[in-house]
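Read through the structure below, which is laid out as structure tokens, and then see the notes.
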Amino acid sequence: RLRSRAATIHGVDGSFPSSCIFGIAPGSVPDALWVATLTGAVHYRARPPYGVLETVTADDGLVDPRVWGLAATPEGEVWAFTESHYQVRRPGQRRFDPPGPALPLPRVTHGMTLDGDGRLWVSGVDSEHPLAMRDRDGRWTSWRTTDDGGVLAGCRSVAPRRAGGVWASAGSDLLACDGRTV
């Protein structure tokens with residue numbers, strides 16, 4: 001929606017892999033979006049000239065075609081989370097790859113976002129790594145409990161906070177996470 005209250009509607013014209021859209025996120029270039037769909041992802045220019053910049057499917061390494069969300073980091077990585085996997089495309093690459101088995105990522109995917117500092121946050125419902133953050137230097141931190149000892153059970157969503165860090169849902173709790181404390 002523009003200030004003049006006019007709106008532009010972006011629809012499926014045959015260039016999206018699916019008309020079922022699960023999520024959108026800022027794109028890797030100005031005026032672009034990443035669009036998560038039932039059968040892949042689309043990097044889409046949302047200003048004139050409108051159009052698809054690229055389409056990502058299983059041919060590009062997606063293990064699972066059901067893409068729930070994407071995040072383009074300031075460092076040039078593009079992260080995707082699907083029904084069953086987190087995957088990453090490194091700068092200059094076309095293919096999405098697994099991020100590595102040693103990383104403290106949730107094994108059951110559920111949420112992903114970037115905070116205002118460009119840190120990547122992921123959430124999941126498993127007990128080993130229900131909430132994890134990758135800082136701008138590539139270091140990972142994960143949390144199983146809150147600072148007061150509460151168990152982080154079932155982290156289903158994360159969303160950026162204006163005050164920095166993220167909001168995270170865990171069971172019936174809403175938590176504020178700043179990268180040091182939960």
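The values are calculated or read from the model by the stated rules, or taken from the named source; none is laboratory data. Remember, predicted model here, so these are calculated numbers, not experimental data. When we count neighbours, we look across all protein chains shown, and the Cβ atoms used for this are built from the backbone with ideal geometry, even at glycine. Only protein heavy atoms, including side chains, enter the accessible area calculation; ligands, DNA and RNA are left aside. Shrake-Rupley method; radii C 1.70, N 1.55, O 1.52, S 1.80 Å.
If the chain between residue 148 and residue 178 were fully stretched, how many nm would it gain, using 0.36 nm times the residue separation less the Cα-Cα distance? Working it through step by step, the gained length comes to 9.3 nm. Just how far, in whole angstrom, is the range 33-64 from the range 106-160 if you go by their alpha carbon centroids? The range 106-160 and the range 33-64 have Cα centres separated by 25 Å.
Take every Cα pair under 8 Å whose residues are at least 6 apart in sequence, average their separation, divide by the length of the range 68-182, and the relative contact order is 18 percent. Between rounded, prolate and oblate, where does the chain land on the alpha carbon gyration tensor, with a ≥ b ≥ c its root eigenvalues, rounded for a/c under 1.5, else prolate if a/b exceeds b/c? Cα axes put the chain in the prolate bin.
How would you classify the range 142-182 from its alpha-carbon gyration tensor, with a ≥ b ≥ c the square roots of the eigenvalues: rounded for a/c under 1.5, else prolate if a/b is greater than b/c, otherwise oblate? Verdict is oblate for the range 142-182. With a simple spin-label model that places each label point 7 Å from the Cα along the Cα-to-Cβ direction, the separation between residue 126 and residue 20 comes to 2.5 nm.
Protein heavy-atom surface of the chain, 1.4 angstrom probe: 52% of the accessible area is carbon and sulfur, with nucleic acids and ligands not counted. Under the rule a/c < 1.5 gives rounded, and otherwise a/b versus b/c splits prolate from oblate, where does the range 81-137 land using the Cα gyration tensor? It comes out oblate by the Cα gyration axes.
Extension gain for residue 102 to residue 57 (0.36 nm times residue separation, less C-alpha to C-alpha distance): 13.7 nm. Extension gain, residue 93-residue 136: 0.36 nm per intervening residue step, less the Cα-Cα distance, totals 13.6 nm.
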